[in-house]
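K.L.:
The structure follows.
Each reported figure results from applying straightforward, stated rules to the coordinates on display, with no laboratory input. As the structure is a prediction and not an experimental result, all values here were calculated from the model. Here the Cβ is made from the backbone with ideal geometry for all residues, glycine too, and neighbour counts use every protein chain on show.
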Amino acid sequence: MASLKPINLVERLLHTLTNWTLWKVPQSDDLPEDFHWDTFATRPIEDGAVAYEIFTDPIYDGAKDITLGWGNSRFKPHKGSLGGTPYEVVTKDTPHEKVLLTDKHHGLSEVRMPVTREPWVQNYPNPHGDMHYLVVDIDNGLIYETISFRPSLMPDYKWACSSFMVWDITKTFEEQASPSNGVCAAKVPYFPLITRYQEVASGKVEHAAGISVSNYLQGAVPPAQNYDGEGFEYKEPPVPVFAGTRLRLKEEYYEKMLREGGACAVHAEQLRTYGGFITDKTGVHHGSIWGAPDARWKKTNINKFKPTINDFEIVA
């Protein structure tokens with residue numbers, strides 16, 4: 001996770017005084033059924049994959065009770081939706097805006113991306129946290145991902161962000177992979193790891209999920225290209241995994257969620273078949289499974305899906 005520039009008072013006022021999501025019903029956009037990007041996230045766990053327990057050493061006992069909240073347990077619900085990272089679907093007709101990229105390593109530069117009239121950004125209308133803005137261009141097969149998306153205080157720019165990536169779904173992830181490409185710590189695509197209401201309502205989610213934990217070991221394994229785990233130097237005890245580690249829901253919790261039925265059963269099937277990848281640390285003593293906020297979640301039983309990190313196993 002990138003180190004973000006703190007939001008100053010003027011920026012917070014600009015957020016609060018606009019109507020981007022303050023009055024917007026948080027319902028995620030549906031994607032066309034044929035919109036698909038074949039990546040590591042869409043490949044099921046192989047039959048006979050070797051599984052390992054996560055906690056094998058008493059030194060990790062302090063992290064055993066880490067609960068993985070669905071969506072993102074760090075963020076408060078907004079108008080009946082669960083926390084998480086929203087996204088917007090646009091077409092070739094959506095206007096492209098100049099966005100000021102305030103990269104801490106490379107200084108200021110300009111990027112262009114489609115921006116809707118009222119962009120739905122993570123954690124609005126109260127800006128804090130990562131403030132991701134994700135846009136899926138269905139006509140051109142492009143996924144735009146940003147972090148710390150906010151009004152710009154510089155002349156000639158309406159918007160600013162601190163990290164920016166465009167993924168081309170006509171190319172493989174491997175063709176675009178780099179330790180610097182991406183807006184999450186593991187430098188993998190963000191959007192394909194988000195579980196959406198549309199998918200769960202259809203009865204089948206055909207991709208892995210992104211998983212954040214309070215802390216993990218320093219290092220990365222494929223598909224991750226980078227990491228933000230701080231090992232034993234961090235205030236939270238590390239989960240003994242690396243960025244990119246693939247986790248699978250254990251059979252016992254899987255069976256429990258199947259008995260719950262509804263959204264819990266669909267999500268459990270997803271995490272048993274495709275699993276989830278460690279992608280980020282949260283900075284607090286819990287974790288999260290990535291999901292998109294949506295007003296329709298409140299009519300489901302997804303809030304009962306609360307596994308601990310011990311309800312997962314590592315798969316090779």
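K.L.:
Packing-wise, with mean Cβ within 10 Å as the measure, how do 160-166, 139-145 rank, highest first?
P.N.:
Working: 160-166: 20.7, 139-145: 18.3.
Averaged packing, sorted descending, gives the order 160-166, 139-145.
K.L.:
How much length, in nm to one decimal, is gained on full extension between residue 255 and residue 52, taken as 0.36 nm per residue of separation minus their Cα-Cα distance? Show your work: numbers first, answer last.
P.N.:
Numbers: separation 203, 0.36 × 203 = 73.08 nm, distance 1.89 nm.
Gain on extension, residue 255 to residue 52, equals 71.2 nm.
K.L.:
How far apart, in nm, are the 7 Å Cα→Cβ label points at residue 176 and residue 30?
P.N.:
Going by the 7 Å Cα→Cβ label model, 2.5 nm.
K.L.:
Would you mind getting me the FRET efficiency between residue 105 and residue 310? Use the beta-carbon distance for r and R0 = 35 Å, nearest 0.05.
P.N.:
0.40
K.L.:
Evaluated at 4 °C with a viscosity of 1.567 mPa s, what Stokes-Einstein diffusion coefficient in µm²/s does region 26-315 have when Rh comes from the Kirkwood expression over alpha-carbon pairs?
P.N.:
Value of D from the Cα-based Kirkwood radius: 67 µm²/s.
K.L.:
Calculate, for residue 96 and residue 38, the FRET efficiency according to 1/(1 + (r/R0)^6) with r their C-beta to C-beta distance and R0 30 Å; round to the nearest 0.05.
P.N.:
0.65
K.L.:
May I ask you to derive the relative contact order of region 26-315, considering only C-alpha pairs under 8 Å and at least 6 residues apart, and to give it as an integer percent?
P.N.:
27 percent
K.L.:
Something else about it: I need the shape label for region 252-302. Rule: rounded when a/c is under 1.5, else prolate if a/b > b/c, else oblate, with a, b, c from the alpha carbon gyration tensor.
P.N.:
Here region 252-302 falls in the oblate category.
K.L.:
Given a Förster radius of 35 Å and the C-beta distance between residue 157 and residue 298 as r, what FRET efficiency does 1/(1 + (r/R0)^6) yield to the nearest 0.05?
P.N.:
Efficiency at R0 = 35 Å is approximately 0.40.
K.L.:
Based on the mean of other Cβ atoms within 10 Å per residue, sort peptides 93-100, 178-185, 197-204 so the most packed one is first.
P.N.:
For the peptides 93-100, 178-185, 197-204, the packing ranking is 178-185, 197-204, 93-100.
K.L.:
Whole number please: convex hull volume per residue, Cα atoms of region 179-219, in Å³.
P.N.:
95 Å³
K.L.:
Here's something else I'd like to know. What are the extents of the Cα atoms of region 128-229 along their three principal axes, in Å, largest first?
P.N.:
Principal axes ranked by extent give 45, 37, 29 Å for the Cα atoms.
K.L.:
With N set to the residue count of region 179-301, report its C-alpha Rg divided by 2.2 N^0.38 Å to two decimal places.
P.N.:
Compactness ratio reported: 1.08.
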